[in-house]
Amino acid sequence: MNVARTCSLILMVLDVMKPLKHKQLLEYELEGFGIRLNKQPPNIGFKKKEKGGINLTALVPQSELDLEAVKSILSEYKIHNADITLRYDATSEDLIDVIEGNRVYIPCIYVLNKIDQISIEELDIIYRIPHCVPISAHHKWNFDDLLEKIALVWGASAKHNPQRVGKEHVLFDEDVVQILKRRRGVRRVYLQGVSQFRLIRVQFSCVKESITGLEGSSDGGVNAFLK
């Protein structure tokens with residue numbers, strides 16, 4: 001699990017015939033090691049102080065956390081002086097994650113295998129589930145969709161280098177993008193940047209034909225390079 005905590009992306013391969021059971025078991029194990037899948041860190045301000053008691057500021061109405069609930073949670077950690085700022089309708093679990101301070105937030109793609117054993121109607125439902133990619137490993141069906149969901153970015157737009165991002169990630173000038181696409185073979189592609197027309201290097205794992213150049217689109221997103 002220590003390896004999983006350092007990943008930039010988790011691929012969870014599930015049997016499409018019983019995906020919920022396996023998904024819940026795996027997510028439970030990961031949750032126990034402080035791994036949060038497809039979530040953002042809680043937008044909660046937390047600052048310990050020497051004195052002054054517990055000061056709670058809620059910027060939006062709260063359905064679960066009030067001052068007494070916050071004090072009760074903090075007392076479990078022997079914290080009696082702190083400033084708490086709730087910037088959204090937070091839960092107790094959100095506050096605990098912030099107090100613990102050791103959670104990691106990792107994107108996850110649920111790969112649902114054996115789609116050759118289900119109906120077209122069931123497949124249509126699966127396609128609507130967020131973060132899911134249906135495939136058939138046996139028949140090698142839909143591998144293209146899986147590969148097109150994965151991209152690595154180095155540069156100013158990345159929170160860490162490299163960062164694994166989705167199609168909506170906005171690129172900055174001189175970012176380096178590695179996109180896994182369709183077939184084997186590695187090519188380097190040079191294209192113009194978005195705003196100042198500097199060169200951006202893009203590494204493709206793509207079709208075997210040689211690619212000599214590609215012009216970036218005006219939106220500057222990874223999605224532009226995947227189309």
Test of understanding: extend the Cα→C-beta vector of Arg5 to 7 Å, then name every residue of region 14-57 with backbone N under 13 Å from that spot. 30-36
Where trypsin sites (Lys or Arg not before Pro) fall in DSSP loop in region 50-106, at most 13 other Cβ within 10 Å: Lys51, Lys78, Arg87
In region 1-80, which chymotrypsin sites (Phe, Trp or Tyr not before Pro) are in a loop and have at most 16 other Cβ atoms within 10 Å, using DSSP for the loop call? Phe33, Tyr77
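Among the trypsin sites (Lys or Arg not before Pro) within region 1-41, which fall in a DSSP loop and have no more than 15 other Cβ atoms within 10 Å of their own Cβ? Before the final figure, lay out each step's value.
Details: sites: Arg5, Lys21, Lys23, Arg36, Lys39; in loops: Lys39.
Counting only loop positions with at most 15 other Cβ atoms within 10 Å, the trypsin sites (Lys or Arg not before Pro) in region 1-41 are Lys39.
Please work out how much length the chain gains when fully extended from Glu121 to Asp15, using 0.36 nm per residue of separation minus the C-alpha to C-alpha distance, in nm with one decimal.
On the way: separation 106, 0.36 × 106 = 38.16 nm, distance 1.72 nm.
Stretched fully, the Glu121-Asp15 segment lengthens by 36.4 nm.
Just so you know, all these numbers are worked out from the coordinates, no wet-lab data involved. The model shown is predicted, which means the values in this text are computed figures rather than measured ones. Backbone-built Cβ (ideal geometry, glycine too); neighbour counts: all protein chains shown.
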